[in-house]
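The values are calculated or read from the model by the stated rules, or taken from the named source; none is laboratory data. The structure displayed is predicted, hence computed values, not measured ones. No Cβ is skipped: glycine too gets one built from the backbone with ideal geometry, and neighbour counts run over all protein chains shown. Ligands, DNA and RNA are stripped out before the accessible areas are found, and what is left, the full protein with its side chains, is counted by its heavy atoms. Shrake-Rupley method; radii C 1.70, N 1.55, O 1.52, S 1.80 Å.
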Amino acid sequence: MSRIREIVRTPHELGGEWITFIYYSEKIKPGTHRKVDVYVPTTVKPGNPCAVLFTMDGPREADPEIIERLSKEGTIPPMIYIGVTAAFFKASLEGGFDRTVRSPEYDGLGSGYADLLIDELLPDIMAELLPGYAVDPSPEMHQINGCSSGGICAWNACWERNDFFRRCLINSPTFSSFRGGDSMTVLMRKYEPRLIRCFMTVGTDDMENSSGNWYLEALSADAAMKYAGYEYRFMVFQDGKHGVSAGDPTIQEESLRFLWKDWQTVPVGNKGYPPRIADIVTIEKPWEETDCREMPEKTPCPYTANGRQILRDGKVMAELPGNVSDLTLSSDKWRLYAATPERRFVYAFAIRPDGSLDSRYAHAHLHIKDDAAVIGAPGICIDAYDRLYAATECGIQTTSQQGENNTILPLPGNVPCVDVGFDPDAPDTLYARAADGRIFKRIVLTRGIGRGDETVYEPKTAPF
């Protein structure tokens, strides 16, 4: 049976067509159903790849008249509009009530909801309702809008599936602690920036409750986007309430003009990398997938691991509160860094003249991916400045020699990272193994410690 049911087609007075239906997901969000509204404007023609605009909470964030007019002007490309409501679970027993899953879908971090839109809903729409039509595959041609929880949902779709979404309108976004959304403004600062162009609005009298203050969270997002170099515009409405600009045709038009400015010639970009990230990598030299099956051999370490135990010459020197996954010496050789996938810290020990270990403390504090299967670091390494690199599900997290977690370098496709190390024969090349077995490499601005190099390097930390 088709996942698209109860279809209603309605001609629009402008010449386009509304298509409304109920969607029953089977693969990505099994058991859910939701109402979907699709508008096909007159500027979209069969056989000509078009853009696509998704909006959360139905069709309130896009006006057919504006889409028709701006696409005829060439201000925006011809685009199909898809308004999607949050899903419900139907009661499974008599006397029960349907349950909305708006917060898990919209407020939840991770790629699950975006995956539903991209990999299930959109292909079904094009195959069953619009045969002969085509959506342009370029991520430059895809936008997503939302208000409140739909706002963080729209941002998160661009964040997690940047291979598909590059443009978003977010009204009163819920960067609050409903489901970890308050961490997003921190992650904006630490992650290597994605390619996102954003239009954000908020009211000074926006929502406030036990999970946060929406106005203050938006101010934090504004500062984070500015710091990280994103292309964005931020509008504050004095005395505006929650969702102050939702459905406002003036804001819809203004946002479309900003988000699609020079769309035919200028791709979505950013203004350069922020400090700490710019100390390590450049935009011009991204990750490259290699043909390697094995990671380069790491700089030898005199310590080995056996379960939770750390050994030297067969003698137990210390233990961790989880199984030891990797060990590496500091750049000045007197500290040992020890990782475990079972704890969120990479630990440090002092090495005494007799080789014994003491003074254990939690050195690197790691960010944990939502719904993480591995909370710690399977692999670690250091560079010549004693910057620690930890392979995690978020990507490669770096920590200064003082212990601050400064950056996160995601792997292509946001795949989890399980090992990291410098090439001892080419110390300016960083290697990373993904959880799916692929090995990536990247030329970096820092350097590892080369093969046979016994130099004692002084730890260095860039100014705050």
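Of PRO427, GLY132, TRP214, which is farthest on the positive side of the dipole of the chain, counting Cα position, with +1 on Lys and Arg Cβ, -1 on Asp and Glu Cβ, and the Cα centre as origin? Result: PRO427, furthest along the dipole toward the positive end.
Where does the chain land at 222 nm, in deg cm²/dmol rounded to the nearest 500, when only DSSP H runs of n ≥ 4 count, each adding -39500 (n - 2.57), divided by all residues? Present the calculation step by step, with values, prior to reporting the outcome.
Working: 6 runs with 59 residues, N = 464.
Value at 222 nm, helices only, nearest 500: -3500 deg cm²/dmol.
All Cα-Cα distances of the stretch 351-435, cut into 5 Å bins from zero to the largest, leave 3, 15, 22, 22, 18, 11, 6, 2, 0, 0 percent in each bin in turn. The residue list THR204, GLY240, VAL36 was ranked by how far each Cα lies along the charge dipole of the chain toward its positive end, using unit charges on Cβ atoms, and THR204 comes out on top. Under the convention that each Lys and Arg Cβ holds +1 and each Asp and Glu Cβ holds -1, the size of the dipole of the chain around its Cα centre is about 540 debye.
Rolled with a 1.4 Å probe across the full set of protein chains, the surface gives ILE443 an accessible area near 70 Å². Using only Cα atoms, tell me the angle between helix 64-73 and the longest principal axis of the chain; keep it within 0 to 90° and round to the nearest 10. Tilt of helix 64-73: around 80 degrees. For the stretch 345-393, the relative contact order works out to 29 percent when only alpha carbon pairs closer than 8 Å and six or more residues apart are counted. Most tightly packed first, judged by the mean number of other beta-carbon atoms within 10 Å of their residues, the peptides 78-86, 417-425 read 78-86, 417-425.
Expressed as a rounded percentage, what relative contact order does the chain have, with Cα pairs under 8 Å and six or more residues apart?
On the way: 1113 pairs, mean separation 45.4, N = 464.
After rounding, I find 10 percent.
Multiplying each eigenvalue of the alpha-carbon gyration tensor of the stretch 309-366 by 5 and taking the square root yields semi-axes of 18, 13, 9 Å, largest first, rounded to whole angstroms. Max-minus-min Cα coordinates of the chain on each principal axis give 85, 56, 49 Å, with the largest extent listed first.
Applying a threshold of 25 Å to the alpha-carbon distances of LYS298/LYS441; LYS315/LYS460; LYS190/LYS369 flags LYS315/LYS460 as lying beyond it. Computed from Cα atoms, the angle from the helix 249-259 axis to the main principal axis of the chain rounds to 40 degrees. Report the Cα centroid-to-centroid distance between the stretch 232-299 and the stretch 368-407 in angstrom, as an integer. Each part's Cα centre sits 23 Å from the other's.
The residues packed around LEU70, meaning those with a beta-carbon under 12 Å from its beta-carbon, carry a net charge of -2 if Lys and Arg are +1 and Asp and Glu are -1.
Tell me the net charge near LEU430. Cut-off is 10 Å between Cβ atoms, LEU430 excluded, with +1 for each Lys or Arg and -1 for each Asp or Glu. Taking every Cβ under 10 Å from that of LEU430, the sum is 0.
Using θ = phi - 60° in the Karplus curve 6.51 cos²θ - 1.76 cosθ + 1.60, the 3J(HN,Hα) couplings for the stretch 215-221 round to 5, 5, 5, 5, 4, 5, 5 Hz; x is entered for Gly and Pro.
The DSSP beta bridges internal to the stretch 20-87 are antiparallel in roughly 60% of cases.
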